[in-house]
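Before I ask anything, here is the structure I am working with.
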Amino acid sequence: MQMLAATRAILDLIYKLCGTTYDLLYLDHSCSLGWFVAGAAIIRFLKAKIDAKDEDEATILEQELGVVKFMLRNLGDRTNIGHRQVNVLEDIYNAEIKGQRRKAATAPSATDQRAETDNLMYGNMQ
């Protein structure tokens, strides 16, 4: 719970920064590192919520991840660090979340597996 609270505290700072006209280029690069780590933590929590079938919380986490990516993309328009960090976050997301959903969507049911086994075993006997 402390990790989620820390992640949401970083998001709160992101929201406050978005409400200003401050140029992100003047921020220290450690800020983008904090945003990146918050994004990676959100992906971790998102995976847990999807496993727990908590769609409401998963939707909130998806939106929070979008905010982190937005900030890193804004920074990435001016520096390479933000661009690289967004790419790494997207790779992590694709490996952890999309890969998990793809496996669940393409996994055959037990009935399908049984029918395929029966067809292989007894299909030649007809």
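Here, each number is a calculation from the coordinates, and none is a lab measurement. Just so it is clear, the model here is predicted, and its values are computed rather than measured. Positions of Cβ are generated from backbone atoms using ideal geometry, with glycine treated the same way; all protein chains shown enter the neighbour counts.
Rank-order 73-83, 46-56 by packing density, defined as the average count of other C-beta atoms within 10 Å over each peptide's residues, highest first.
Highest mean packing first, the order is 73-83, 46-56.
Moving on. Arg8 versus Tyr22, label points 7 Å from Cα toward the beta carbon: distance in nm?
2.2 nm
From Cα pairs below 8 angstrom and at least 6 apart in sequence, can you work out the relative contact order of region 1-107, rounded to a whole percent?
Answer for region 1-107 is 29 percent.
While we're on this one: Full-extension gain between Ala48 and Gln63, please, as 0.36 nm times their residue separation minus the C-alpha to C-alpha distance.
3.8 nm
Report the extension gain between Glu90 and Ser30 in nm, rounded to one decimal, defined as 0.36 nm multiplied by the number of residues separating them, less their alpha carbon distance.
Contour length minus Cα-Cα distance gives 19.6 nm.
Let me ask another. Could you work out how far the C-alpha centroid of region 1-22 sits from that of region 77-100, in angstrom?
Cα centroid of region 1-22 versus Cα centroid of region 77-100: 19 Å apart.
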